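Trainee: Here it is: the structure, laid out below.
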Amino acid sequence: MQQYSRSIALMGGLALIAFGILTMRDSKRATMASAGDGSYTNPYLAGFLTSAANPYFWIWWLSIGSVLIVSGLEAGLIVAAIFMIGHWSADFGWYLLVSSSLERGRGLLSPENYRRILGLCGIFLILFGIYYLGSGIGVVG
């Protein structure tokens, strides 16, 4: 299990760094999407289809997510299950906060500040990726 954890940590670290670089690069020309017309009748289905069609969702689970699952499994099946429930609950809470904030405050965030926030998120991903690389080669943790 240890050799797999190391390989997964290295791949996950590289994926995070790549996502961070892409996020920083794309943040320079990012624009905020305009509000839709609200004609979609089932927002739950729309959210599910959006997530399922998002390649980053699958890439994340196949790289970084698998690192976290393997780490949880090393501590036991119950720990891994608790991690998954906690992770999905955090995702739900985060998306609820983001969607509510966007609905209520769309006009409060300027395009320039939006790009700055994206750039900071890219930096965070890179730093997190460096941490995972360090744990994969045994320098950290």
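Any read-out appearing in this document is the output of simple, stated calculations on the displayed coordinates, not a laboratory observation. Quantities reported herein were computed from a predicted structural model and do not represent experimental measurements. Backbone-built Cβ (ideal geometry, glycine too); neighbour counts: all protein chains shown.
Trainee: Among the residues of region 42-56, count how many are part of a helix (DSSP H, G or I) and closer than 26 Å to Leu14 by Cα. Show your work before the answer.
Mentor: Taking region 42-56 first, the residues part of a helix (DSSP H, G or I) are 43-53, 55-56.
If we keep only those that are closer than 26 Å to Leu14 by Cα too, we end up with 50-53, 55-56.
Residues in region 42-56 being part of a helix (DSSP H, G or I) and closer than 26 Å to Leu14 by Cα: 6 in total.
Trainee: Would you confirm, using the coordinates I've provided, whether Tyr44 is of a type in the set (Phe, Trp, Tyr), out of contact with any Pro (no Cβ under 7 Å at 6 or more places or on another chain) and surrounded by fewer than 11 Cβ atoms within 10 Å (Cβ to Cβ)? Steps first, answer last, please.
Mentor: Values: of a type in the set (Phe, Trp, Tyr): yes; out of contact with any Pro (no Cβ under 7 Å at 6 or more places or on another chain): yes; surrounded by fewer than 11 Cβ atoms within 10 Å (Cβ to Cβ): yes.
So Tyr44 fits the description; yes.
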